[in-house]
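Enquirer: Structure in structure tokens, see below.
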Amino acid sequence: MASDLKKVGQAIVLCACAAALTQLQGCGLAQEYYEYYLGGIDEGARQPTGYENLKDVKQEPDRLKVPAGMSVPPQDPSMKLPDISAKALKYPVGDDLDIRAPVAPLRSELGLHSQWLNGEAIVWFESDGEHGVHSERDAWRLLDKVLKTMRINPGKVSADDYSLTTAVADFDEFGAPYNAADMGSGAMRYRQVYRIRIGRNNSGELGIASTLIGSMTVLPRTGRNIENILTPIELERFSMGFSNSVIHVLETAHEDELQQQGELSISLGRDHNNQESIIVAARYEDVWNGLRNMLPRFGWQITEYSLTNGTIKVDLDDQEAETYQKQHVDSFALDEEEYVLRVGEENGRCVITFYDEDDKALPAATVDRIYSGFSQALSRELSVSSSEETVD
């Protein structure tokens, strides 16, 4: 008896406090205390409202009556709804149904798309895309930049098999990083940890797979933790939202790069021999002339060239850091040796492939190292050439 009276007293106090908080600080804070002391999240916004007669709907026979003298219209049996009992369904119905919109797979013009597969949300890099990712190393380097942009720190890292676990970070209910707007609107905060790995499928396609492995629901204003066990649908929604956020970051970075380069796209890619190359979205003649003007300024002495064969032989001598610093570009980071640049045109883009003096293509790691400074210098050269043509 005394125990029951105590519970009633606690309930009265809670209601009184909630009423006071509603008047003084708004209903958002009152709801947080209500959820906290009830020990669970308010799921009212997740459930359907109104009548739920759909649970009792039964399939009726075809009532179409054809008047005498008229032909019976053709029917497509493949469109007939199967007669399934609601009791046989293995999925939630009625009040148990989560009506929030799912996070749909995202497809990008860069040649990226997301997919939910075998419990993982995967960002796939299409082989003919403009993302510049063609190897696990490319994807690993890109993942590092993406996490920094999303302000998510890595936790446990295993570089040998290209996998990591993120440190704890806050997200909204759709797997996007929690921001000031979410805080202002009182959106629920989810403190989460993701496992991310890079790999390929049986067809050799490269992807970044994400899985939510830890989640804690936090009330946004009070910072209190509440009990909220995620459903399989929520686990999928969070992971897919995280993967879609990765795609959005990559798209934004690509747009910024185009803007910085004056709409000139210079990226890493592969030539028709599958060799690591630098791809330039410009005319062959412009790139050829740009290279001949640019290379000598950085100590790349042109010893021989052939416009017909698209080759430029260079001798690197006296490479000094000051040469690059004065022109405000990163060092090309190549040893002082002889090299051959092969310039070609594929699918309307110019392709630059680097070879050593023995006519062997430079390793992908070396081309990756060259890319930063080389693309900066070439972009500037082509921009200057374009401006001079406009003036003329």
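Enquirer: Work out how much length residue 252 to residue 383 would gain on full extension: take 0.36 nm times their residue separation and subtract the Cα-Cα distance, in nm to one decimal.
Expert: 45.0 nm
Enquirer: A further question on this structure: Count charges around residue 204 for me, please; just the other residues with Cβ under 14 Å from its Cβ, Lys/Arg as +1, Asp/Glu as -1.
Expert: Every neighbour counted, the sum reads -2.
Enquirer: Separate question: Under the rule of at least 5 residues apart or a separate chain, name every residue whose amide H is placed under 5 Å from the amide H of residue 111.
Expert: So residue 111 has HN proximity to 130.
Enquirer: Whenever you get a sec, line up 270, 380 from highest to lowest accessible area (probe 1.4 Å, protein heavy atoms).
Expert: The most accessible residue leads, giving 380, 270.
Enquirer: Subtract the Cα-Cα distance of residue 327 and residue 346 from 0.36 nm times their separation in residues, and report this length gain in nm to one decimal.
Expert: Details: separation 19, 0.36 × 19 = 6.84 nm, distance 3.03 nm.
That works out to 3.8 nm of additional length.
Enquirer: What nm value, rounded to one decimal, do you get for the distance between residue 76 and residue 144 when each label is placed 7 Å out toward the C-beta?
Expert: 5.3
Enquirer: Divide, for the stretch 277-343, the radius of gyration over alpha carbons by 2.2 N^0.38 Å, where N is the residue count.
Expert: So the Cα radius of gyration is 1.13 times the expected 2.2 N^0.38 Å.
Enquirer: Pop out the Kirkwood hydrodynamic radius of the stretch 186-232 from its pairwise C-alpha distances, inverse of mean 1/r, in Å to one decimal.
Expert: Taking the inverse mean of 1/r over all distinct Cα pairs, the stretch 186-232 comes out at 13.0 Å.
Enquirer: Using the Karplus curve 6.51 cos²θ - 1.76 cosθ + 1.60 with θ = phi - 60°, work out ³J(HN,Hα) for each residue of the stretch 286-299 in order, rounded to whole Hz, and write x for Gly and Pro.
Expert: Each residue of the stretch 286-299 in turn: 5, 5, 4, 5, x, 5, 5, 7, 7, 4, x, 5, 10, x Hz.
Enquirer: If R₀ is 45 angstrom, what is the calculated FRET efficiency for the pair residue 205 and residue 231, using the beta carbon separation as r and rounding to 0.05?
Expert: Working: r = 30 Å, r/R0 = 0.66.
The computed FRET efficiency comes out at 0.90.
Enquirer: To one decimal place, what orientation-averaged projected area in nm² is obtained for the convex hull of the Cα set of the stretch 115-207?
Expert: 6.9
Enquirer: Same structure again: In the stretch 152-298, how does Rg compare with the Kirkwood Rh, expressed as the Rg/Rh ratio over alpha carbon atoms?
Expert: Rounded to two decimals, Rg/Rh equals 1.13.
Enquirer: Given points 7 Å out from each Cα along the Cα-Cβ axis, report the residue 180 to residue 65 separation in nanometres with one decimal.
Expert: Roughly 6.9 nm, to one decimal.
Enquirer: What does the net charge come to around residue 165 if you take all other residues with beta carbon closer than 13 Å to its beta carbon, with K and R at +1 and D and E at -1?
Expert: Cβ neighbours under 13 Å give a net charge of +2.
Enquirer: Could you give P(r) for the stretch 245-362, binned at 5 Å from zero, as whole percent values over all Cα-Cα pairs?
Expert: Once binned at 5 Å, the Cα pair distances of the stretch 245-362 give 2, 10, 18, 21, 22, 15, 8, 4, 1, 0.
Enquirer: Still on this model: Could you look at the stretch 165-207 and say what percent of its accessible area is carbon and sulfur, using a 1.4 Å probe and all protein chains?
Expert: That fraction is 48 percent.
Enquirer: Calculated FRET efficiency, residue 308 and residue 281, Cβ-Cβ r, R0 22 Å, to nearest 0.05? Present the calculation step by step, with values, prior to reporting the outcome.
Expert: On the way: r = 24 Å, r/R0 = 1.07.
Between residue 308 and residue 281 the formula returns 0.40.
The values are calculated or read from the model by the stated rules, or taken from the named source; none is laboratory data. In this text the structure is predicted, and so the values were computed from the model without any measurement. Using ideal geometry, Cβ is built from the backbone for each residue, glycine included, and neighbour counts are taken over all protein chains shown. Side chains included, ligands, DNA and RNA excluded: accessible areas come from the protein's heavy atoms. Shrake-Rupley method; radii C 1.70, N 1.55, O 1.52, S 1.80 Å.
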